[in-house]
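Accompanying notes for the structure given below.
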Amino acid sequence: MREDKNSKTSQNQDEKVQLQKKPWFWPAVYAGGALMLAGILLGYNSLVSKVEEAPLPEVAEVDSGPVVETNARTENMKYPFKEANLNKIQVSQEFYDVEANAESREKALMVFNQTFTTSSGISLSMNGEEFEVLAALSGKVKQVKLDAFTGNKIVIEHANGKETQYSSVKDIAVKEGDEVTQGQALGKATDNEWNQAAGIHLHFEVLENGKYINPKKLLGF
């Protein structure tokens, strides 16, 4: 029995060797392997295509709220007159500050018909000469008030919560609703009956969030 089994094994090995010697054997093996590899790749590509075609979950749109425009740059306040005249300009009347010394408070008092009132701005003069009044900041003209007695007045509101007021002005070159740029000519300084002691001058006031502040804190006098 053992000899028969060995004989069959030897016969099978001989047949396998003879088969491998056939000229078509190895090409057939390679072709079969190539077909198997192609089948694997085809199945993988089909699987990937199905994954890519699967619908994406819907993403809820998030409301970012209203778009708020902001200024690209922030302006620093400039003098309400040509800077070339800085050496000629005098502060003839100070801003009334309750915390200032007695001399400064006295210079901030305005008198009319023996009645004293406090100054909510500063009065600027140039040796009794007229000078051009300029916008200290860019903004929108809120009011133009014509009053020869107290002096014509221009009010400009600004995006940063400030408001500037220019009183005792003639030859006004702007009107209510106008957009003005920093340094734009508004008119010329003049005199008025109410504050005759100041002569030709510009009364310049600055408000921040509705409260009068000393313009000298923002300007280099």
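The values are calculated or read from the model by the stated rules, or taken from the named source; none is laboratory data. The shown structure was predicted, so the numbers you read here are calculated from the model rather than taken from an experiment. Don't worry about glycine lacking a Cβ; one is built from the backbone with ideal geometry, like all the others, and counts go over all protein chains shown. In case anyone asks, the SASA skips ligands and DNA or RNA and just uses the protein heavy atoms, side chains included. Shrake-Rupley method; radii C 1.70, N 1.55, O 1.52, S 1.80 Å.
Just the C-alpha atoms of region 73-221: what Rg/Rh do they give, with Rh taken as the Kirkwood radius? Dividing the radius of gyration by the Kirkwood radius yields 0.94. Per atom type, region 75-221 shows carbon and sulfur on 44% of its accessible surface, probed at 1.4 Å. Rounded to the nearest 0.05, what FRET efficiency do GLN196 and ALA159 give with R0 = 30 Å and r taken as the Cβ-Cβ distance? Could you check? My answer for the efficiency is 0.25.
Using 1/(1 + (r/R0)^6) with R0 = 30 angstrom and r between the beta carbons of LYS142 and LYS216, what's the FRET efficiency to the nearest 0.05? Computed FRET efficiency for LYS142 and LYS216 comes out at 0.85. Legend: calculated FRET efficiency, GLU103 to GLN182, from the Cβ-Cβ distance at R0 = 41 Å, rounded to 0.05, equals 0.80. Are any of the pairs LYS88/LYS211; LYS78/LYS153; LYS78/LYS140; LYS78/LYS211; LYS107/LYS153; LYS107/LYS175 more than 27 Å apart by Cα-Cα distance, and if so, which? Going by Cα-Cα distance, LYS88/LYS211; LYS107/LYS175 fall outside the 27 Å limit.
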